[in-house]
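Asker: Mind having a look at this structure? Questions to follow.
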Amino acid sequence: MSGETLSTDRLRKAYLGAEYAVIFFGVVIAYTVLFTGSNPIPVLVVLALAAVLYLLRSPAFDRGSLWRPGRLRAELPSIAFLWFVTAVGSTVVVLFTTPELFLGFPRTEPVVWGFVMVLYPVLSVYPQELIFRAFMFQRYQPIFGDGIGMITASAAAFGFVHIAFGNWVSVVLSAAGGWIFASRYRRSRSLFTVSVEHGLYGMLMFTVGLGIYFYHGASVS
């Protein structure tokens with residue numbers, strides 16, 4: 001590899017690193033300051049569409065990874081085990097710390113809860129996976145690789161974006177979830193599979209009583 005090629009490669013990596021920091025941290029901070037309390041779904045959908053356009057125009061991108069439902073069967077035992085452990089743990093935590101929140105959403109607003117269970121995977125989960133998994137893995141592979149570095153970068157960005165909800169609980173839980181989802185995507189290359197897993201965790205949070213930390217207005221000091 002020539003010196004000129006090495007220099008170009010370093011410049012591209014530096015640019016991509018700066019871009020990652022600006023988009024997933026700088027822009028998130030600006031959005032949180034300027035548009036706190038606003039509904040993020042429209043912005044999320046627009047960004048997801050932009051990510052799809054980028055991916056479809058990338059010659060090296062494996063378009064099958066945008067869906068690939070056949071991978072779900074192989075991943076389902078692992079998904080079910082991790083989800084069950086999380087469900088038990090989160091239920092215990094809520095019952096011992098804030099028992100008044102347990103099943104509060106389905107008990108007090110069953111119709112709204114039902115709509116959330118149906119619309120959340122479509123309007124929120126899949127767009128997020130397009131951005132934080134498919135787009136990130138394709139765009140930033142030159143700087144983070146395709147292993148632990150990429151998983152960490154994806155989880156960090158996914159957790160940090162939740163500062164928009166104004167509490168540390170959503171950031172920590174989302175970073176942990178981001179690690180699980182990024183690891184799953186790396187192994188399965190199936191956004192369908194990852195979206196199913198992501199959707200199950202989200203629906204669990206909204207049902208068990210932790211959903212209060214995942215919408216605007218929930219501020220925890």
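Asker: Would you list the P(r) distribution for the chain, with all Cα-Cα distances sorted into 5 Å bins from 0 and each bin expressed as a whole %?
Answerer: Distribution as computed: 1, 7, 13, 18, 20, 16, 12, 7, 3, 2, 1, 0, 0, 0 percent.
Asker: Between I148 and L103, what length in nm is gained on full extension when 0.36 nm per residue of separation is reduced by their alpha carbon distance? Each step should come with its number before you reach the end.
Answerer: Working: separation 45, 0.36 × 45 = 16.20 nm, distance 3.58 nm.
Length gained between I148 and L103: 12.6 nm.
Asker: From the backbone phi of the range 95-104, what are the Karplus-calculated ³J(HN,Hα) couplings (6.51 cos²θ - 1.76 cosθ + 1.60, θ = phi - 60°) in whole Hz, Gly and Pro given as x?
Answerer: After applying 6.51 cos²θ - 1.76 cosθ + 1.60, I find 5, 8, 9, 9, x, 5, 8, 4, 6, x Hz.
Asker: Calculate the length of the line joining the C-alpha centroid of the range 63-136 to that of the range 152-215, in whole Å.
Answerer: Result: 8 Å between the Cα centres.
Asker: Which order do V161, V122 take when ranked by solvent-accessible area (1.4 Å probe, heavy atoms of all protein chains), largest first? Write out the running numbers ahead of the final one.
Answerer: Working: V161 45, V122 95 Å².
The residues order as V122, V161, largest area first.
Asker: In debye, nearest 20: dipole of the chain around its Cα centre with unit charges on the Cβ of K, R (+) and D, E (-)? List each step's numbers first, then the result.
Answerer: Details: 15 positive and 10 negative charges, 110 e Å.
Here the chain has a charge dipole of around 520 debye.
Asker: Follow-up question, since we're still on this one. Pairs of Cα atoms under 8 Å, at least six residues apart: use those to get the relative contact order of the range 94-188, whole percent. Provide the component values of the computation, followed by the final result.
Answerer: Numbers: 59 pairs, mean separation 19.3, N = 95.
After rounding, I find 20 percent.
Asker: Rounded to two decimals, what ratio of Rg to Rh does the range 90-221 give with C-alpha atoms and a Kirkwood Rh?
Answerer: Rg divided by Rh gives 1.00.
Asker: Continuing with the same structure: So what are the ³J(HN,Hα) numbers for the range 48-61, from phi and the Karplus equation (6.51, -1.76, 1.60; θ = phi - 60°), rounded to whole Hz, Gly and Pro as x?
Answerer: The phi angles translate into 5, 5, 5, 5, 4, 4, 4, 5, 5, 8, 8, x, 7, 6 Hz.
Asker: For the chain, give the percent of accessible area contributed by carbon and sulfur heavy atoms, probe 1.4 Å, rounded to a whole number. If you can, show how the numbers build up before the last one.
Answerer: On the way: 8530 of 11680 Å².
Exposed carbon and sulfur together represent 73 percent of the surface.
Asker: Suppose all protein chains stay in the model; what accessible area per residue would a 1.4 Å probe give for the chain, in Å²? Write out the running numbers ahead of the final one.
Answerer: Numbers: 11680 Å² over 221 residues.
Accessible area per residue, the chain: 53 Å².
Asker: Residue farthest toward the positive end of the dipole of the chain, with Cβ of Lys/Arg at +1 and Asp/Glu at -1: which of P59, L119, I212?
Answerer: P59
Asker: I need the phi-derived Karplus couplings for the range 167-184: 6.51 cos²θ - 1.76 cosθ + 1.60, θ = phi - 60°, integer Hz, Gly and Pro marked x.
Answerer: Using θ = phi - 60°, the values come out as 8, 7, 4, 5, 5, 5, 5, 6, 5, 5, x, x, 5, 4, 5, 5, 5, 5 Hz.
Asker: Using only DSSP helix segments of four residues or longer, with each worth -39500 (n - 2.57), what per-residue ellipticity at 222 nm results for the chain after dividing by its residue count and rounding to 500? It would help to have the intermediate numbers written out before the result.
Answerer: On the way: 12 runs with 149 residues, N = 221.
The helix contribution divided over the chain gives -21000 deg cm²/dmol.
The values are calculated or read from the model by the stated rules, or taken from the named source; none is laboratory data. Keep in mind that what you see is a predicted model, and the values were worked out from it rather than measured. Neighbour counts run over all protein chains shown; Cβ positions are idealised from the backbone, glycine included. For accessibility, only protein heavy atoms count, side chains too; no ligands or nucleic acids. Shrake-Rupley method; radii C 1.70, N 1.55, O 1.52, S 1.80 Å.
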